[in-house]
1. Please indicate, with yes or no, whether at least one residue in the stretch 344-355 is touching a helix residue (DSSP H, G or I) at 6+ places or on another chain (Cβ under 8 Å) and not in a loop (DSSP other than H, G, I, E, B).
2. Let me spell it out: the conditions are (1) over 23 Å from Val229 (Cα atoms); (2) in contact (Cβ under 8 Å) with a residue 24 or more places away in the chain; (3) more than 27 Å from the chain's Cα centre (by Cα), and Ala137 meets all of them except one. Which number is the exception?
3. Restricting attention to the stretch 145-161, report how many residues are among the charged types (D, E, K, R) and under 18 Å from the mean Cα position of the chain (by Cα).
4. From the list Gly258, Gly295, which one is open to solvent by less than 20 Å² (accessible area, probe 1.4 Å) and at pLDDT 95 or above?
5. Please verify whether the stretch 298-319 includes one or more residues that are part of a loop (DSSP other than H, G, I, E, B), open to solvent by 40 Å² or more (accessible area, probe 1.4 Å), more than 30 Å from Thr357 (Cβ to Cβ) and in contact (Cβ under 8 Å) with a residue 60 or more places away in the chain.
6. Sort out which residues of the stretch 198-209 are under 30 Å from Gly160 (Cα atoms) and in a loop (DSSP other than H, G, I, E, B), and write them in order of number.
Amino acid sequence: MKKLILSALLLSSPVALAGGYQAPVTGPVPAPRPAMSSHAATISIPALPLNATATPTPAQRAPSTVAVGEPTPGRPGPASMTPAQAQVFLLTAPSGTSVTLRQTVQMQMELEDVQVTGNAAKEMSEADIAEMREMFAEMSKAPAEPTELVMSVGKVFADGSRELVMSTTTQMPAESGMDDFTVRVIQRVEADGSISDTRFESDDAEMQAAFANMDGLDLSSMGMNDASVYGMQLTPGFSKTNTSEVDMQALMGGIMAGAVAAVAEDDKSQAIAAEIADGIKSSPLVSTTKVTYTGTDAQGRHLFRTDSAAQPWKMSMNLGEGEGAMNMQMEMTDMVSAQQATYRTDGLPVRMQDDMTMRMKSNVAMDDGTMSMTFRMKMNSLVEQVGQ
């Protein structure tokens, strides 16, 4: 259970990272079991991040392209004010300052198409396909419990940099026999608004061990920081655009190794994890993020809009050998998201609304048969300060 939560946490980017908060996906999206063999296993298709996530080392991440000072259509551009004259948005809240936020997520899933060939066509009836469609529809009906997030400022250093801490507690069902646990995402926001360090922590021993075993991933180079609002020029219409390329093959292999290492009880489970990681082949994930400052509201709070889009992305996974071996291919054909965010003048967020749409295709080949699916996911997330 914790391994699944960890994978969803990292792959879905459920963190409020330096003003680039991404709405979390509550868990992996399950792919229905192919009715082809008694050996078939259920595969989980992870929901992808709204922006690019982490890369193993800074050298493996392609340089981002940054265009600043782009005026929003219909608004005056920032040409009349130089960066030296304009104010910039910074994290200035003192140590110990915190904001409690409540997040609600609504997700809609639609199975658009199912194609079966070979043995799969012999074993899967129209009723089976109808049941699969209903399963996807049921995912949309399942109520999501609100989640509380705490954004706070940790240490303040002599050079003016500050730790921005996002903390969230996962409550485990009583029947699971597991204790609740907290995960913290800690970033060091420099005095100029840049991000110099990112790390994960948890009060749960297994989760902390998983984070410790992920030392092959350079978290400070996460592409999700491209959505950071810190350092933005406070001129309405001012924007910055980042294009990031992420080595998803190394990322997913690192996550798998770290997650399994934390819960593995014997050498066999470690070997299985290594086999899965070696069987993953993935193209880079390229995404473009544009952040625009749109002004202030009636209370003088700062308003930002973030628009993101990802290029098509593919991944394949080979599991097992001989009889019962399975090959799975996934393709994200399109993904776009838009966010409206409100921040206090001291740099902490009080409201964020995200809308994301993604379409994916999957193809599972096993026992001389294939099953291909195309599905669409829409996710709406609203985060608001508690008690405001």
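The values are calculated or read from the model by the stated rules, or taken from the named source; none is laboratory data. For clarity, every value in this text was computed on a predicted model and none was experimentally measured. Cβ placement follows ideal geometry from the backbone for every residue including glycine, while neighbour counts extend to all protein chains displayed. For the accessible areas, the whole protein counts, side chains as well, though only heavy atoms, and no ligand, DNA or RNA atoms are used. Shrake-Rupley method; radii C 1.70, N 1.55, O 1.52, S 1.80 Å.
1. No.
2. With respect to (1) over 23 Å from Val229 (Cα atoms); (2) in contact (Cβ under 8 Å) with a residue 24 or more places away in the chain; (3) more than 27 Å from the chain's Cα centre (by Cα), Ala137 is out only on (3).
3. Step one: of the stretch 145-161, the residues among the charged types (D, E, K, R) are 145, 148, 155, 159.
With the extra rule that they be under 18 Å from the mean Cα position of the chain (by Cα), the set shrinks to 148.
Of the residues in the stretch 145-161, 1 are among the charged types (D, E, K, R) and under 18 Å from the mean Cα position of the chain (by Cα).
4. After applying the criteria, what remains is Gly295.
5. No, there is no match, as no residue in the stretch 298-319 is part of a loop (DSSP other than H, G, I, E, B), open to solvent by 40 Å² or more (accessible area, probe 1.4 Å), more than 30 Å from Thr357 (Cβ to Cβ) and in contact (Cβ under 8 Å) with a residue 60 or more places away in the chain.
6. Within the stretch 198-209, Asp203 is the sole residue that qualifies.
Every residue, every condition in (1) outside any strand (DSSP E or B); (2) free of Cβ contacts under 8 Å to residues at least 24 places away in the same chain; (3) polar (S, T, N, Q), yes or no:
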{"residue": "Thr168", "(1), (2), (3)": "no, no, yes"}
{"residue": "Thr182", "(1), (2), (3)": "no, yes, yes"}
{"residue": "Gln187", "(1), (2), (3)": "no, no, yes"}
{"residue": "Gly193", "(1), (2), (3)": "yes, no, no"}
{"residue": "Ser196", "(1), (2), (3)": "no, no, yes"}
{"residue": "Phe211", "(1), (2), (3)": "yes, no, no"}
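Let's see how each residue does on (1) at pLDDT 90 or above; (2) under 30 Å from Val286 (Cα atoms); (3) touching a strand residue (DSSP E or B) at 6+ places or on another chain (Cβ under 8 Å):
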site: Pro58; (1), (2), (3): no, yes, yes
site: Ser80; (1), (2), (3): no, no, no
site: Leu91; (1), (2), (3): yes, yes, yes
site: Ser95; (1), (2), (3): yes, no, yes
site: Val99; (1), (2), (3): yes, no, yes
site: Asp128; (1), (2), (3): no, no, no
site: Val156; (1), (2), (3): yes, no, yes
